[in-house]
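One structure below.
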Amino acid sequence: MDIVVSEKQIINFLRRRFSSEDLLWIVNDVQEMIDEGESVDTAVYDGIRDFIKSKKFTEIDEFGDDQSYWDSYLKYERPLVSYVKMKLGLI
């Protein structure tokens with residue numbers, strides 16, 4: 001079953017977890033990589049992965065099995081990807 005998540009739900013999820021400065025930084029970082037010639041997908045995913053790594057979220061299960069890690073990691077990556085693509089007009 002696919003779950004449809006609205007833009008407002010994504011933004012609310014992100015604003016509860018990140019400052020507006022964080023979100024602006026991610027968007028600007030990704031845009032800069034695109035402007036420097038990176039492909040859109042590479043810029044979006046690399047920029048977001050670097051950001052997530054720098055924040056050291058305690059909710060990301062780094063010590064569990066692979067499935068547990070990716071489930072907890074994607075909780076952050078997916079909404080950030082949607083947000084960045086929306087802000088940059090890529091979707």
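Throughout, read-outs are computed from the coordinates displayed, never taken from laboratory work. For clarity, every value in this text was computed on a predicted model and none was experimentally measured. Cβ: placed from backbone, ideal geometry, glycine included. Neighbour counts: every protein chain shown.
Key figures for this structure:
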read-out	value
Two-decimal Rg/Rh across the chain, once Rg and the Kirkwood Rh are taken from alpha-carbon atoms	0.97
Projected label distance in nm at residue 54 and residue 32, using a 7 Å step from Cα toward the beta-carbon	0.8 nm
Ratio Rg/Rh, restricted to the range 46-91 and using Cα atoms, in which Rh is the Kirkwood radius	1.04
Computed over the chain: relative contact order in percent, which uses C-alpha pairs under 8 Å that are six or more apart	36 percent
Amide hydrogen neighbours beyond the local backbone of residue 60, cut-off 5 Å, H modeled	none
Net charge dipole size for the chain [Lys, Arg +1 and Asp, Glu -1 on Cβ; Debye, nearest 20]	520 debye
Along the chain, longest interval not containing exposed GluC sites (Glu not before Pro), exposed being DSSP loop plus at most 11 other Cβ atoms within 10 Å	1-35
Coil-residue chymotrypsin sites (Phe, Trp or Tyr not before Pro) of the range 47-91, DSSP, other Cβ within 10 Å capped at 12	63
Helical mean residue ellipticity (222 nm; -39500 (n - 2.57) per DSSP H run of 4+; nearest 500) of the chain	-24000 deg cm²/dmol
